[in-house]
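Working notes for the structure below.
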Amino acid sequence: MKFKIILFIFTLCPILVFSQDNAGTNIFSLTFQEKELSIDRDFHFVTPVLLRNNQYQSEIYYNDQETTFRSPGVTFFGSLVVPGTGQIMNESWWRAGFFLALEVTSIYLAVEYRNRGRIGEREYERFANNNWSVVQYSQWLVDYHAFHGIENPYINELIEMVAGISPSFRTNVEWNQIDLNILRRVEANTPYVTTDQLGASIFSHTLPGYGSQQFYELISKYYQFQAGWRDYDEFHDNIGNTGRFFNDRFLIDRNGAHASQNFFTGVRMANQFNQDYRWSNHFISVLIANHFFSALDAFFTSTRKLNRLSASSTIIPGQQVVINYRF
């Protein structure tokens with residue numbers, strides 16, 4: 001019995017001495033893992049050593065590996081400015097690559113389609129300038145009133161204005177020959193005379209000023225302006241509107257059957273550059289959305305990481321010595 005007591009004292013003394021030397025700093029954990037009939041016991045003695053100048057350096061351990069993270073606010077604003085930045089901070093490499101690739105692609109396509117739209121718009125304007133005549137359109141309006149017997153209080157002024165001049169398709173000449181105020185007053189009192197002989201209203205538009213966006217849009221959009229295109233009379237000659245059918249060229253078809261090829265070429269060119277502009281705007285929208293969703297993804301990813309670390313990590317100041325005893 002005495003031998004057992006002496007043996008117990010000798011066994012306990014080193015532990016007590018070690019504990020006394022490091023009073024108040026020991027962390028003792030005991031873990032039992034049972035599987036069937038075997039029992040593993042791990043004893044961890046964790047002892048901080050030599051904290052210099054009372055400066056504590058915190059380190060975060062997660063799954064036995066050191067983990068770094070940025071605050072959700074930093075990652076949010078990083079990705080808001082440059083998509084993918086917050087994902088790089090979070091070490092989400094695939095997501096970072098996706099958002100960065102989408103950013104570059106969206107910028108490229110937005111600029112590309114914007115440039116295509118500008119080029120197409122300039123080409124269309126050159127085409128319209130060379131192939132649409134305000135003088136020819138005004139003279140057609142005079143004949144249109146005469147053939148259909150339309151009464152218009154301003155038509156005589158227009159007749160006097162176009163007398164003795166011919167279409168030159170030179171914009172710097174023609175637009176100085178026509179007084180738009182007189183022309184617009186005539187248009188505002190001119191009814192549609194259509195091929196279906198159904199009742200029709202007054203012209204829906206008056207001619208905008210030369211060079212304006214509205215001018216280029218309307219002359220390839222509304223059939224009331226179809227007679228200003230260079231190939232209008234040639235087109236009607238080719239489809240047989242001559243002789244006793246000559247007056248048919250002074251009818252407006254609701255489906256565009258009396259509009260010439262140049263009219264529809266203008267329609268096609270205008271639609272193309274407008275579609276290019278729309279695509280550019282779509283990619284600008286994708287660009288903005290990419291910034292927004294990248295920022296949200298970075299924020300929530302950082303928040304999830306922070307929550308996991310707060311719930312499962314062990315924070316121990318300074319350097320540590322970990323001694324494992326297994327028996």
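The values are calculated or read from the model by the stated rules, or taken from the named source; none is laboratory data. These figures come from a predicted structure and were not determined experimentally. Neighbour counts are summed over all protein chains in view; Cβ atoms, including those assigned to glycine, are modelled from backbone coordinates with ideal geometry.
Just a few scattered comments:
- Close pairs (9 angstrom Cβ cut-off, 6 or more residues apart or separate chains): within 21 Å of D231 (Cα to Cα) and touching a residue at least 12 places away in the same chain (Cβ under 8 Å) in the range 260-287, surrounded by fewer than 20 Cβ atoms within 10 Å (Cβ to Cβ) and of a type in the set (K, R) anywhere: S260/R230; N262/R230; G266/K221; V267/K221; A270/K221
- Only one of the numbered conditions (1) closer than 30 Å to M89 by Cα; (2) exposed (fewer than 13 other Cβ atoms within 10 Å of the Cβ); (3) at pLDDT 80 or above is not met by A257, and that is (1).
- Beta carbons closer than 8 Å, at least 6 apart along the sequence or on distinct chains, pair a first residue in the range 112-136 that is within 13 Å of G211 (Cα to Cα) and free of Cβ contacts under 8 Å to residues at least 60 places away in the same chain with a second that is assigned to a helix (DSSP H, G or I) and of a type outside the set (A, V, I, L, M, F, W, C) for N129/T171.
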